[in-house]
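Single-structure report; data block below.
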Amino acid sequence: MTNEINKRILQEVLNETAEILRTGKTARKIRIGLTTAGSEVDPLDLLRGAEIAMQQVPGLQVSIIGPVPKCNLPVYNAADEDEVHAVLERLLDEKELDGAVTMHYPFPIGVATIGKVVTPARGKNMYIASTTGTSDTDRIQAMVKNAVLGIAAARADGIVNPALGILNVDGSRQVERYLNAMRSQGYDFCWGESHRADGGQILRGNDLIQGSVDVVVCDTLTGNILMKLFSSFTSGGDYETMGYGYGPGVGENFDRLICIISRASGSPVIAGAINYCASMVSGGLKSIAADEILKAKQAGWKIPAPSAAVQTDAEITPPPAKITTEQIPGIDILELEDAIKILWKNNVFASSGMGCTGPVILIAGEDKAKALEILRANQYI
């Protein structure tokens, strides 16, 4: 088997050299595998997606792995998902494929996929970080890593300086603070801006529809839901018609190029996912991701373990109640209770509330300046 592989590689090199001498252009194709086992759409739709992708990308060769009707593409027969996985791993190991598009892959912890959608209001491409996999078991740490991995995928796809925003979900304010700290320590990236009147890096639903930023940071479960909504909102949900799939798995020391689609992905999404995968090959995702992760680590992307709570509930007595006429926004919902306790401890009365953009601390007007000073000193805002 090794001799056969070496002969094939040598022949490819000779062919490519001859083509360069003849035309000045490389003849090497980008080789992407597409698995078919487990799909809930017509197998012919999968083949149609592969054919569309090959028409759109010069020098692209798609091979089918799994059960498929008779077709003109190279086929590696595999009866079920287990066999498909084994064949896929072998082809990647032997460098028969540069990457693969598949409906399931057991990514290790530390690897997450970066989806790519077309926003309905502007027709703009937008990356969702992340959509499957788990970059970290800690929610906040995972979202920080998702930001870095999302930037890497966007850069490999040709976006030189992608604009980053954070979806307004639990933990978003902590992630924003931590990314700003990394930025101040040398991790260079570009913040995007919400299109809402108050601006900022925390994004609302309107921003997703409009594509206010290039890369949207969120937790994986939310990202997975967003992918399904963006991909199939025109079809009723059982057939994905738009976008580029759930994207490549990106993570530290992960050397596979595996792009994920769903069982409901139709031919337009299949074509988009194959194109996205090919772009990751030509764009050098592996080296870009390694460089991005290294820079992030040097800027301290590992969040320190949280310190123990200042005091237990029983030890804190709230100060006398006051009429609260002012609001302090920008507090993460996961830290709201602790932030209020810090104010109580410093003899400032406060209570919690929920504004249209998220949680707020309600405070008396005369205490607002002191409260802001305390919250900043304790890194809640």
Output for Cβ contacts, cut-off 7 Å, separation at least six or different chains, first residue assigned to a helix (DSSP H, G or I) in segment 28-44, second modelled with pLDDT of 90 or more and hydroxyl-bearing (S, T, Y), reads P43/T36
Looking for whichever is within 18 Å of L285 (Cα to Cα), touching a residue at least 12 places away in the same chain (Cβ under 8 Å) and not charged (D, E, K, R) here; the options are T131, T119. Which one fits? T131
Within segment 222-251, can you find the residues that are surrounded by fewer than 19 Cβ atoms within 10 Å (Cβ to Cβ) and out of contact with any strand residue (DSSP E or B) (no Cβ under 8 Å at 6 or more places or on another chain)? I225, L229, F233, T234, S235, G236, G237, D238, T241
Which of the residues that make up segment 108-132 are among the basic types (K, R) and crowded, with 24+ Cβ neighbours inside 10 Å? K116
For residues that are buried (at least 18 other Cβ atoms within 10 Å of the Cβ), assigned to a loop (DSSP other than H, G, I, E, B) and basic (K, R), tally how many sit in segment 171-203. 0
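When you check T317 against the structure, is it among the hydroxyl-bearing types (S, T, Y), at pLDDT 75 or above and surrounded by fewer than 17 Cβ atoms within 10 Å (Cβ to Cβ), yes or no?
Details: among the hydroxyl-bearing types (S, T, Y): yes; at pLDDT 75 or above: yes; surrounded by fewer than 17 Cβ atoms within 10 Å (Cβ to Cβ): yes.
When the stated conditions are applied, T317 passes them.
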In segment 218-241, is there at least one residue being among the aliphatic types (A, V, I, L, M), touching a residue at least 12 places away in the same chain (Cβ under 8 Å), under 25 Å from V111 (Cα atoms) and not in a helix (DSSP H, G or I)? no
I need the full set of residues from segment 259-274 which are of a type outside the set (G, A, S) and surrounded by 24 or more Cβ atoms within 10 Å (Cβ to Cβ), in order please. C259, I260, I261, V269, I270, I274
Kindly establish whether I166 is free of Cβ contacts under 8 Å to residues at least 60 places away in the same chain, outside any loop (DSSP other than H, G, I, E, B) and either aliphatic (A, V, I, L, M) or touching a strand residue (DSSP E or B) at 6+ places or on another chain (Cβ under 7 Å) (or both). yes
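The values are calculated or read from the model by the stated rules, or taken from the named source; none is laboratory data. For clarity, every value in this text was computed on a predicted model and none was experimentally measured. All Cβ positions, even for glycine, are placed from backbone atoms using ideal geometry, and neighbour counts span all protein chains on display.
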